[in-house]
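The values are calculated or read from the model by the stated rules, or taken from the named source; none is laboratory data. Because the structure is a prediction, the values reported are computed rather than measured. All Cβ positions, glycine included, derive from the backbone under ideal geometry; neighbour counts span all protein chains shown.
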Amino acid sequence: MLLADSEIQAMIEDEESGLIVRPFDPARLQGASYDLRVGKRLLISGHDRVLDLSKETAIALPPGDFAVTVSDEYFEIPQNFVVNIGPRTYLTTKGVILQAGMQIDPGFKGHLILGLYNSSPRKYVIEYKGDLCSIQFFRLAVPARKVFGERPEYIRGELPRQMKDYLYSLETKSLTSLGEGVRALTKNVAALSTEFKSVKTLLYAVLLPVAVGLILLFAQNLFLPRK
């Protein structure tokens, strides 16, 4: 069953429900969802360090680049709940694509780790505690038997080592650099075309007289009297 705003707030404020969202801001409640914010940790593909957004305030994500961040909110999801994750309209209208799992599983404890891909031709500024994604709460008919295993890095709001190593080595081509590459390629093709025209002219100048000479020689032999 999908929870409405009043039910979400009541469950979170009830300490015995087992549903924890911290910090919780009622102003971020929608009719049947809750809006999450960007947390402290941010890593952009190809960079060699994790950024602390709480100190840098905002970081620009270039066009075509990928970033991973954590939610500002910490979660504890009881066994009789599942939480769906969805994009914010604010981000999608700016060309930013949310990369996330379909849901937060029963038994999960920690901060969410989410990816952001800038598919627009302009940079997107990621702000500390800015809009991140939207979530919906569903109550299960019976408690789930299989629950999400506890992971210390999620609880601490840190990026897993394996994920960081992968993003350190990931080299993405921004749309800006791709555009520069296309322009350079166009210039090279134009230069080759000019050179090709020069070579073609030279070939015409050399080969045309030779061809005419061969034709005249053939004609002369053709009309010579036979002995």
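For (1) surrounded by fewer than 17 Cβ atoms within 10 Å (Cβ to Cβ); (2) under 22 Å from the mean Cα position of the chain (by Cα), each residue gets a yes or a no:
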position	(1), (2)
Leu91	no, yes
Met102	yes, yes
Ser120	yes, yes
Leu140	yes, no
Ala144	yes, no
Pro152	yes, no
Met163	yes, yes
Query raised in the report: Does Pro78 meet the test of being in contact with a helix residue (DSSP H, G or I) (Cβ under 8 Å, 6 or more places away or on another chain) and farther than 18 Å from Arg37 by Cα?
Result: yes
Pairs returned, first residue in the stretch 92-113 that is not assigned by TED's automatic domain parsing to the domain that holds Arg151, second residue that is of a type in the set (D, E, K, R), beta-carbon separation under 8 angstrom, 6 or more apart or interchain, are none
Verdict on Gly31 being part of a loop (DSSP other than H, G, I, E, B) and among the small types (Gly, Ala, Ser): yes
Picked from the stretch 49-84 (must be assigned to a strand (DSSP E or B) and of a type in the set (S, T, N, Q)), the residue farthest from Lys164 (Cα to Cα) is Asn84
Among the residues of the stretch 26-55, the number that are over 26 Å from Phe148 (Cα atoms), touching a residue at least 12 places away in the same chain (Cβ under 8 Å) and not aliphatic (A, V, I, L, M) is 9
Per the filter on the stretch 108-124, residues outside any loop (DSSP other than H, G, I, E, B) and more than 12 Å from Leu42 (Cα to Cα) are Lys109, Gly110, His111, Leu112, Tyr117, Asn118, Tyr124
task = Say whether the condition of being β-branched (Val, Ile, Thr) and over 28 Å from Phe81 (Cβ atoms) is met by at least one residue in the stretch 39-56.
result = yes
Within the stretch 26-58, residues within 16 Å of Ser6 (Cβ to Cβ) and aliphatic (A, V, I, L, M) come out as Ala27, Leu29, Ala32
